[in-house]
Amino acid sequence: MLSRFILYICFISVSLLFSQNRDFKQDDHLRFNSIPDIKLFHSPPEPLFVGRPFELSLVTEISDSLLSSVLLFFKTNKMETYREIILTGDSGLYKYKIDIKKFPGESIDYFFAVRTLDGGIYGAPVDDNNLLSPIKRIFIDPVQYFEQKKRLNQ
């Protein structure tokens, strides 16, 4: 009986130890390591159309031999939490194609994280204080976009 009690206590302790933090609020910020030699580059694609897939890419000057993983975190306005995707790449270019039919929504928030073999974690995009500032984009209707562009060119 005592051994079952101890076993239950162990299970509860382990589950609490490895559980996710549900207290993370939208206003909370993640701070990343900052080393001037670590450079991560990302240019958001423009425009993002409703229902059409698009590609997000990250370029880094960090040697592939020093990287542990390159990650993309994203969520649409209809998703409750961020989805984590491990990116594959070659010569410092890492990319992932997002199919909006699989991840429906009207907007997307996303950011990148790079983990090095020495345990450092670097993010993009970050502000001047190295606080994570995810990119937010709204999907637009392609018909309206091209009609507006046509009117502006006349």
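Table for the structure above
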read-out	value
Within region 126-142, tally of residues that are touching an Asp or Glu at 6+ places or on another chain (Cβ under 7 Å) and either in a helix (DSSP H, G or I) or modelled with pLDDT under 90 (or both)	1
Test: residue 56 is farther than 15 Å from residue 136 by Cα, touching a residue at least 40 places away in the same chain (Cβ under 8 Å) and in contact with a Leu (Cβ under 8 Å, 6 or more places away or on another chain)	no
Which listed residue is of a type in the set (Phe, Trp, Tyr), crowded, with 16+ Cβ neighbours inside 10 Å, outside any helix (DSSP H, G or I) and touching a residue at least 60 places away in the same chain (Cβ under 8 Å), from 112, 74	112
Criterion (loosely packed, with under 12 Cβ neighbours inside 10 Å and within 18 Å of residue 56 (Cβ to Cβ)) met by exactly one of 91, 133, 107	91
Residues that are of a type in the set (S, T, N, Q) and in a loop (DSSP other than H, G, I, E, B), drawn from region 54-71	63
Selection status of residue 138, touching a residue at least 60 places away in the same chain (Cβ under 8 Å), surrounded by fewer than 17 Cβ atoms within 10 Å (Cβ to Cβ) and at negative phi	yes
Odd one out for residue 101, checked against (1) in contact (Cβ under 8 Å) with a residue 40 or more places away in the chain; (2) more than 23 Å from residue 52 (Cβ to Cβ); (3) more than 10 Å from the chain's Cα centre (by Cα)	(2)
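The values are calculated or read from the model by the stated rules, or taken from the named source; none is laboratory data. Please read all numbers here as calculations on a predicted model, not as lab measurements. All Cβ positions, even for glycine, are placed from backbone atoms using ideal geometry, and neighbour counts span all protein chains on display.
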